Amino acid sequence: MKRKVTKAVFPVAGLGTRFLPATKSIPKEIMTLVDRPLIQYAIDEARAAGITEFIFVTARGKSALEDYFDESPELETSLKKGNKTALLETLRNTYMDSGTIAYVRQNRALGLGHAVWCARRLVGDEPFAVILTDDVIAAEKPCLQQMAEAYAETGGNIVAAMEVAPEKASAYGVLDVAEDMGSLVRVKGMVEKPKMEDAPSNLAVIGRYILSPSVMQTLNRAKVGAGGEIQLTDAIAEEITAGNPVYGFRFRGHRFDCGSKAGFLQATVSFGLAREELRGEFEQYLHETIAVLKAAQ
Ligand code: UTP
């Protein structure tokens, strides 16, 4: 049986403290890589994976994010007048059809697990995807699409996974692998932010998930985990205890951690270089900058 996932939850209610002071008034998800907000990358990836219902878990101070998907008649008129068809197309790609997008509120930032749980009524009794907009993935085939294809075969729960250096594992949820099947691994446990010596593998979970609705029932019990937050990793780990399959998926692509400043800068360079209209000038600038730096050293 082929299984389809049509709903995606975007938890965007975090405080974004690593980007203060910018995030005092701008939602992190609106910050741009070149000229597109992080949220646009996430939406495009979800669409490519066949998602038709987009559920945002928002919070106070995120109205710019909600406005982003609205139609802009004034801008349209101005672009039409100026015959700017390419820009008009870019603008229209940001529109979301009425009824396809829903917002729920997380009143307090109690953790990622809690944010996902806030969407429980909209998700209902269906499998659903979770996308963290902080993780931007450059890939030939969008990461969630790769996962949706794997999920069609396996069902269960799938988390995106990537290999990390041992000293980096403590920043992630880490998989305890029961069976390695290549791009898929069957998971027998998950640990959130383990100490380096306690990490059960070098496979870290990153921000793409396809989950079964029973994860919501586990989150109902609201157990507080690492860092005093309600952790999504803990709820997924309970799936394993309950005998439901959980798989790690080694996606093909490069993930940028745009929740950190260093990751955001790296993504800006890579996405800048990927743009044909910028490449020549930008590449030259980077070469010159590096040459000057080397000379100074
Ligand atoms: P982070 O751990 O990156 O937290 O959340 P954050 O608040 O966004 O950023 P920092 O660490 O303060 O800089 C990972 C994802 O989970 C969401 C965030 O919006 C982000 O997409 N999240 C986290 C929530 O929606 N609610 C929460 O309570 C916590």
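Checking the Cα-Cα distances for LYS7/LYS168; LYS24/LYS261; LYS168/LYS195; LYS24/LYS62; LYS24/LYS193 against a 21 Å cut-off, the pairs over it are LYS7/LYS168; LYS24/LYS193. Projecting each Cα onto the charge dipole of the stretch 131-185 (Lys/Arg +1, Asp/Glu -1 at the beta carbon, about the Cα centre), which of ALA171, VAL159, PRO142 comes out farthest on the positive side? The one lying farthest along the dipole's positive direction is PRO142. Around the Cα centre of the chain, unit charges on the Cβ atoms of Lys, Arg, Asp and Glu (plus for the first two, minus for the last two) sum to a dipole of about 480 debye. The separation of the stretch 236-265 from the stretch 5-25, counted between C-alpha centres, amounts to 17 Å.
What length, rounded to one decimal in nm, is gained on full extension from ASN83 through to GLU71, with 0.36 nm per residue of separation minus their alpha-carbon distance? The partial results should precede the final answer.
Values: separation 12, 0.36 × 12 = 4.32 nm, distance 1.84 nm.
So the chain would gain 2.5 nm between ASN83 and GLU71.
Farthest towards the positive end of the charge dipole of the stretch 202-254, among the residues THR218, ALA235, GLY207, is the Cα of GLY207, using unit charges on the Cβ of Lys, Arg, Asp and Glu.
Sorted on the mean count of surrounding Cβ atoms within 10 Å across their residues, most packed first, peptides 6-19, 283-296, 261-274 read 6-19, 261-274, 283-296.
Couplings 3J(HN,Hα) of the stretch 173-189, computed from phi: x, 10, 8, 9, 8, 8, 8, 9, 10, x, 6, 9, 10, 8, 9, 10, x Hz, in residue order, whole Hz [Karplus 6.51 cos²θ - 1.76 cosθ + 1.60, θ = phi - 60°; x for Gly and Pro]. Can you tell me the relative contact order of the stretch 32-101? Whole percent, Cα pairs under 8 Å, sequence separation 6 or more. Rounded, it is 40 percent for the stretch 32-101. Per residue, the chain reaches -10500 deg cm²/dmol at 222 nm when only DSSP H runs of four or more residues are counted, each adding -39500 (n - 2.57).
If one computes the Cα centroid of the stretch 45-106 and of the stretch 108-129, what distance in Å separates the two points? Comparing the Cα centres of the stretch 45-106 and the stretch 108-129, I get a distance of 22 Å.
Farthest towards the positive end of the charge dipole of the chain, among the residues LEU75, VAL130, ASN107, is the Cα of ASN107, using unit charges on the Cβ of Lys, Arg, Asp and Glu. Dipole size of the stretch 132-199 about its Cα centre, with +1 on Lys/Arg Cβ and -1 on Asp/Glu Cβ: approximately 100 debye, rounded to the nearest 20. May I ask for the angle, rounded to the nearest 10°, between helix 38-48 and the longest principal axis of the chain, with both axes built from Cα atoms and the value confined to 0 to 90°? The angle comes out near 70 degrees.
Each principal axis of the stretch 49-89 carries a Cα extent, and these read 37, 29, 12 Å when sorted largest first. Partners of LYS4 within straight-line reach, counting lysines whose Cα lies under 26 Å from its Cα and excluding those fewer than 8 residues away in the same chain: LYS141, LYS188.
Normalised by the residues of the chain, what does the relative contact order come to in percent, with Cα pairs under 8 Å and at least six apart?
22 percent
The tail of the calculated P(r) for the chain, taken as Cα-Cα distances beyond 35 Å, holds 20 percent of the pairs.
Charge dipole of the stretch 149-297 (Cα centre as origin; +1 on each Lys and Arg Cβ, -1 on each Asp and Glu Cβ, all else neutral): 160 debye, rounded to the nearest 20. Applying the Karplus relation 6.51 cos²θ - 1.76 cosθ + 1.60 with θ = phi - 60° to the stretch 76-91 yields 3J(HN,Hα) values of 4, 4, 5, 5, 4, 4, x, 6, 8, 5, 5, 5, 4, 5, 4, 4 Hz, where x marks Gly and Pro. For the stretch 196-270, the calculated P(r), taken from all Cα-Cα distances in 5 Å bins from zero up to the bin holding the longest distance, is 3, 12, 18, 19, 21, 15, 9, 4, 1 percent.
Just want to confirm a number: the relative contact order over the stretch 66-180, from Cα pairs under 8 angstrom separated by 6+ residues, in percent. For the stretch 66-180, the relative contact order is 13 percent.
For ARG255, the solvent-accessible surface computed with a 1.4 Å probe is close to 40 Å², ligands and nucleic acids excluded.
Classification of the stretch 132-195 by its C-alpha gyration tensor yields an oblate form. The axis ratio a/c (a ≥ b ≥ c) is 1.5 or more, and b/c is at least a/b.
For LYS188, the residues whose amide H sits under 5 Å from its own are ASP176, VAL177, ALA178, ignoring neighbours fewer than 5 places away on the same chain, with H placed 1.01 Å from N.
Extension gain for the segment ILE290 to LEU278, taken as residue separation times 0.36 nm less the Cα-Cα distance, is 2.5 nm to one decimal. Assuming 1.002 mPa s and 20 °C, estimate D for the stretch 47-123 with Stokes-Einstein, Rh taken as the Kirkwood radius over Cα pairs, in µm²/s. Once the numbers are plugged in, D ends up at 147 µm²/s. Computed across the stretch 108-260, the Kirkwood hydrodynamic radius from all distinct Cα-Cα pairs reaches 15.5 Å. Between ASN93 and ALA138, the modelled labels are 1.6 nm apart [label points 7 Å from Cα along Cα→Cβ].
Helix 232-241 and the longest principal axis of the C-alpha atoms of the chain enclose an angle of approximately 30°.
The values are calculated or read from the model by the stated rules, or taken from the named source; none is laboratory data. Everything numeric here is computed off the predicted structure, so don't read it as measured data. Methodologically, a virtual Cβ is constructed for each residue, glycine included, from the backbone with ideal geometry; neighbour enumeration extends over all protein chains shown. The protein model used for the area step is the full one, side chains on, heavy atoms only, and it has no ligands, DNA or RNA in it. Shrake-Rupley method; radii C 1.70, N 1.55, O 1.52, S 1.80 Å.
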